[in-house]
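The structure appears right after this line, and notes come after that.
The numbers here are math on the coordinates, done by the rules we state, and not lab data. Here the structure is a predicted model, which is why all the values come from computation and not from measurement. Heads up, the Cβs are rebuilt from the backbone with ideal geometry, glycines too, and the neighbour counts pull from every protein chain shown.
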Amino acid sequence: MPVITISRQTGSGGAEIGRQIADQLGASYLSTQIIREVAHRMGMSEVSAARYDERAEDFIERLARVLWLTNIAYVPASDPNGPTPFESITQNFVTVTKEIVLETARTGNAVIFGHGSQFILAQQPDVLHVRFVAPFPKRVERVMQRAGISQHEAERRVREEDQRRANHIRQFYHADWHAPDPFHILLNTALLSEGACIKLVMTALEELKQNQRKEAA
C-alpha cells in the first residue's frame, strides 16, 4: 500500500498534482483533512486550527516560552517532580499532526500533502518523498490567475507563504525547507506537464517498491 509525501513551493501546482496522483492510486489524499482532524483532537474550530498550520511560533508564544524558562531557572534542583515542559498551542498542533501522519502511514495507501510529512516519515523506507518546484515568476503567474490578484500581491503572497513554511520546518524539524536532501524526486512544473509529473512519480514509486522487494529477498 503506497504512501507518498508531497512538498511544494507556493504556486508550483503541487497540490493539484498530488490530488491526481491520489486519484490514480485510489489512495486517500490528506491536506486540509489533517487540519480538520487536529482541530477535532485539540477541541478547537477548524478556523482556529488553520492559524497554527505549517508555521513557527509567533512572538507571543516565543515570549511565553522565554518567561517559562526563566521561571524554571528558579525551580529547586531537589524538586522531585522537576520542571513542567513548556508547550505552546503551535507546539501542540505539531505534536498532534505528527501523530496523525504516523497513523496514516501505518494504514498505508495515502498521499500526504505538506505538514512536514517528509521529515515525520523520513525513517520509513517504504515512503516516497516528492517535491514540486518552479521558478518564482511562474509561481507568481499561477497565483495571480488562481486567486485573481495583482502581480504585486501575488509576489508578496508567494514569498510570505514560502517563508512561513520554511520557518516552521526550521523550528520544529531543525531542517532547511529548501534543501533537496529529504526527497527521492524533485519536479520542475514549469518544464513538465502535470501528466509528465504524474508519470515520473508513478515510475519512482514502482522503483522504490522494487528496491524494497530486493532488500527483503
Per residue Cα convex hull volume in Å³ - calculated over segment 122-185: 98 Å³
Amide H of Val3 versus every other amide H placed in the peptide plane: which residues, excluding those fewer than 5 positions away on the same chain, fall under 5 Å? Asn109, Ala110, Leu128
Assuming R0 = 35 Å, what is the FRET efficiency of Arg159 and Glu206, from their Cβ-Cβ distance, to the nearest 0.05? 0.45
What nm distance separates the two modelled labels at Arg146 and Thr32, each placed 7 Å from Cα along Cα→Cβ? 1.3 nm
A chain fully extended from Ala166 to Arg41 at 0.36 nm per residue, minus the present Cα-Cα distance, gains in nm 42.5 nm
Net length gained if the chain between Leu191 and Met1 were fully extended (0.36 nm per residue, minus Cα distance): 65.4 nm
Quick query: amide H of Arg8 versus all other amide H atoms, modeled in the peptide plane; which residues come in under 5 Å with a sequence gap of 5 or more or a different chain? Phe132
Figure the gain on full extension for Asp176 and Ala122 (residue separation times 0.36 nm, minus the Cα-Cα span) and round it to one decimal in nm. 18.0 nm
Karplus 3J(HN,Hα) series, Hz, for segment 137-142 with 6.51 cos²θ - 1.76 cosθ + 1.60 (x for Gly, Pro): x, 5, 5, 4, 4, 5
What are the GluC sites (Glu not before Pro) within segment 87-127 that DSSP puts in a loop, where the Cβ has at most 15 other Cβ atoms within 10 Å? Glu87
Calc'd 3J(HN,Hα), segment 191-207, phi into Karplus 6.51 cos²θ - 1.76 cosθ + 1.60 (θ = phi - 60°), Hz, glycine/Pro = x, comes to 9, 10, 6, 4, x, 5, 4, 5, 4, 5, 5, 4, 5, 5, 5, 5, 4
